[in-house]
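Enquirer: The structure is given below, and queries will be raised subsequently.
The values are calculated or read from the model by the stated rules, or taken from the named source; none is laboratory data. Bear in mind that the values here come from a model prediction, so they are computed numbers and not experimental data. Ideal geometry is used to build each Cβ from the backbone, glycine not excepted, and the neighbour counts take in all protein chains shown. To get the accessible areas, we keep the full protein, side chains included, count just its heavy atoms, and leave off ligands, DNA and RNA. Shrake-Rupley method; radii C 1.70, N 1.55, O 1.52, S 1.80 Å.
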Amino acid sequence: MSPSISFLVDRLDSCQNKSIVGPLTQLELLQELTKECRYDKMVRPMGELSERNPVRVWSRAYIYTIKSNMAKTLQFDVHMMLQFRYLDNRLRFEDIAPHQNQIFGGQSAHDLIWTPSVYVANERSSVIMGNTVKDLLISIDPSGMVILNTRLEAILNCGLRLEKFPFDVQECPLVFESWTHSVQDMVLNWDEAPIVLADELHLTEYRLVDKWVNRSEVSYTTAQQHYGHFAGNFSSISITFKLAREMGFFMMDYYIPSILIVVISWVSFWLHMDASPPRIVLGTNTILAFMTLASKVENSLPKVSYIKASEIWFLGCTIFLFAAMVEFAFVNTIYRRKKNVPLKKVNSKYILKSTLTPRLARKQFQKNTTGIERSRSWSSLDNGNISEKDYMSQNYLTIHSFPSTINVPAVRIDNEKDNSIGSMVTIDGNPSPPPPLPPAKSIQRRSTLVQLNTFTTMTPQEIAQWIDKRSRIVFPVAFLIFNILYWSFIWI
């Protein structure tokens, strides 16, 4: 046998026989266990039952800090300590070193043994744990159970849905995925109590509502050529954080100030209708103040294609502020008119109709007046036997309408039958003989004339004051209804 072959045989015998004479340090013991002749760190440990079974890696996460700056960057930072636990029978030393309880090490121990290659799939700048990591601690017990602890700071991407901003609730995942080994070689699982939160954990913009874990498989097919040899199914585990945005900042710095700005714009309704400078200054200042307030919030958000709840609030408040300015312009224009406005009735419908279309109202008034004069002339021609006194009384009825404040004596006709003769008429309690009845046509025309002549007039100043008084009620009620609908949408 040649000397070289004899040397190899002696080396194999020495590698197969793990015999340690005398006490060794932890590093020396680990170096003995991981000699190149018996340990290949590029080869994964065998499974629980056989080499064909995948090695199971149990994971746990200890969360130190969650920093959220998701409103504009769509990212959040997580500081945590990750723990991976797996069994490597090649590192079992309870038989050869019974006096040794644990092997502890850092980067030097990591360089000697096999460790799982895991990376954060949704991290902005990925770091593969198992290769180049910092703050690493490894412990190995006599049975060969390896516990790998590493501290990780990850900047994670989170796709936000901002339809209900700033009352949104986000679900942001933290996804770990196997890097080099498919599910045939390595499977990731969550250990008991997989997530532990630090007692001092505190979030600024969000609060942690809930958290849960999940495990799945990610498939990369051979059709994707850039994956090459690594096509297949890879094990993946994830942590999902359910974060609700803190509303205190937005309530105190956005919603309450904007409500006060809208309420201040209503002060214009209590100012004089012709007080143009103060009402204009009040209206423009409230609009500018609200625009400045809203721009601070909107500039801190990403540009999205859908409508956010904050934009609905912004649009609603802007409409109320703009409507207050339009109301002043409308009232001031009416106040400066010279001619009185004819009205059929003193109510909202006819006041607004006659105010918005004053020429049409005057034409209708003139048309009705012309009809009254024609009826008067026809009645005078048909009733030639009416006395001059009755004629003058008829003219008064056709030209002027009686106001409601005139006291007309009560007239009661005591008839047993409709057409009886000699019936007495009681006027103010005094009986008197009935007056001669005019012809039926005359009575009908006179009633028609009184019914047509029901128009009254209001001065422009009275109409302007009437609109201001109604605005003091309509605007707050409408804004209250808008708030009820808005906050109902938010909390549904």
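Enquirer: Could you say whether any residue in the stretch 273-288 is assigned to a loop (DSSP other than H, G, I, E, B) and surrounded by fewer than 13 Cβ atoms within 10 Å (Cβ to Cβ)? I'd like the intermediate steps shown before the answer.
Expert: To start, the set of residues in the stretch 273-288 that are assigned to a loop (DSSP other than H, G, I, E, B) comprises 273-275.
Next cut, surrounded by fewer than 13 Cβ atoms within 10 Å (Cβ to Cβ) only: 274.
Yes, that holds for at least one residue.
Enquirer: Another question, then. For the condition surrounded by fewer than 16 Cβ atoms within 10 Å (Cβ to Cβ), among the hydrophobic types (A, V, I, L, M, F, W, C) and assigned to a loop (DSSP other than H, G, I, E, B), what is the one hit in L162, L201?
Expert: Working: L162 fails: surrounded by fewer than 16 Cβ atoms within 10 Å (Cβ to Cβ).
Result: L201 is the single residue among L162, L201 that is surrounded by fewer than 16 Cβ atoms within 10 Å (Cβ to Cβ), among the hydrophobic types (A, V, I, L, M, F, W, C) and assigned to a loop (DSSP other than H, G, I, E, B).
Enquirer: Considering only the stretch 238-258, how many residues are assigned to a helix (DSSP H, G or I) and open to solvent by less than 50 Å² (accessible area, probe 1.4 Å)?
Expert: Total satisfying the criteria: 6.
Enquirer: Just a yes or no: is a residue in the stretch 222-229 part of a helix (DSSP H, G or I), over 30 Å from T65 (Cβ atoms) and either in contact with a Phe, Trp or Tyr (Cβ under 6 Å, 6 or more places away or on another chain) or modelled with pLDDT of 90 or more (or both)?
Expert: Taking every residue of the stretch 222-229 in turn, at least one turns out to be part of a helix (DSSP H, G or I), over 30 Å from T65 (Cβ atoms) and either in contact with a Phe, Trp or Tyr (Cβ under 6 Å, 6 or more places away or on another chain) or modelled with pLDDT of 90 or more (or both).
Enquirer: Same structure, new question: What pairs come out if I take residues in the stretch 45-65 that are assigned to a loop (DSSP other than H, G, I, E, B) and pair them with residues that are of a type in the set (G, A, S) and at pLDDT below 85 whose C-beta lies under 8 Å away, six or more apart or interchain?
Expert: Every condition considered, the pairs that remain are N53/G47; P54/G47.
Enquirer: Can I ask one more? Can you go through I155, I140 and tell me which one is open to solvent by less than 20 Å² (accessible area, probe 1.4 Å) and in contact (Cβ under 8 Å) with a residue 40 or more places away in the chain?
Expert: Working: I155 fails: open to solvent by less than 20 Å² (accessible area, probe 1.4 Å).
The conditions single out I140.
Enquirer: What single numbered condition from (1) closer than 30 Å to I66 by Cβ; (2) polar (S, T, N, Q); (3) touching a residue at least 24 places away in the same chain (Cβ under 8 Å) fails to hold for S276?
Expert: Among (1) closer than 30 Å to I66 by Cβ; (2) polar (S, T, N, Q); (3) touching a residue at least 24 places away in the same chain (Cβ under 8 Å), S276 violates only (1).
Enquirer: Give me the residue from the stretch 438-492 that is under 35 Å from the mean Cα position of the chain (by Cα) and at pLDDT below 85 and, out of that set, most open to solvent (accessible area, probe 1.4 Å).
Expert: Filtering first and then ranking leaves W491.
Enquirer: Given (1) assigned to a loop (DSSP other than H, G, I, E, B); (2) within 15 Å of I467 (Cα to Cα); (3) among the small types (G, A, S), where does S268 come up short, assuming only one miss?
Expert: (1)
Enquirer: While we're here: Regarding the stretch 79-91, can at least one residue be identified that is assigned to a loop (DSSP other than H, G, I, E, B), open to solvent by less than 10 Å² (accessible area, probe 1.4 Å) and modelled with pLDDT of 90 or more? Walk me through it before giving the result.
Expert: Pass one, the stretch 79-91, residues assigned to a loop (DSSP other than H, G, I, E, B): 88.
Next, only the ones that are open to solvent by less than 10 Å² (accessible area, probe 1.4 Å) stay: 88.
So of that shortlist, the ones also modelled with pLDDT of 90 or more come out as 88.
The answer is yes; a qualifying residue exists.
Enquirer: While we're here: Any idea which residue in the stretch 194-221 is modelled with the lowest pLDDT, counting only those that are out of contact with any Gly (no Cβ under 9 Å at 6 or more places or on another chain) and β-branched (V, I, T)?
Expert: Applying the first criterion (out of contact with any Gly (no Cβ under 9 Å at 6 or more places or on another chain)) to the stretch 194-221 yields 194-218.
Subset that is β-branched (V, I, T): 195-196, 204, 209, 213, 218.
Working: I195: 90, V196: 89, T204: 75, V209: 88, V213: 92, V218: 84.
Per the stated criteria, the residue is T204.
Enquirer: Next question. Among what's in the stretch 230-244 and is of a type in the set (G, A, S) and within 15 Å of N214 (Cβ to Cβ), pick the residue that is nearest to the chain's Cα centre (by Cα).
Expert: Among residues in the stretch 230-244 that are of a type in the set (G, A, S) and within 15 Å of N214 (Cβ to Cβ), the one nearest to the chain's Cα centre (by Cα) is S238.
Enquirer: So which residues in the stretch 292-318 are aliphatic (A, V, I, L, M), assigned to a helix (DSSP H, G or I) and surrounded by 13 or more Cβ atoms within 10 Å (Cβ to Cβ), if there are any at all? Show your work before the answer.
Expert: At the first step, the residues of the stretch 292-318 found to be aliphatic (A, V, I, L, M) are 293-294, 297, 301, 304, 307, 309, 312, 315.
Then drop every residue that is not assigned to a helix (DSSP H, G or I), which leaves 293-294, 297, 309, 312, 315.
Within the stretch 292-318, L293, A294, V297, A309, I312 qualify.
Enquirer: State yes or no: is W212 out of contact with any Cys (no Cβ under 9 Å at 6 or more places or on another chain) and without any contact (Cβ under 8 Å) to a residue 60 or more places away in the chain?
Expert: Yes, satisfied.
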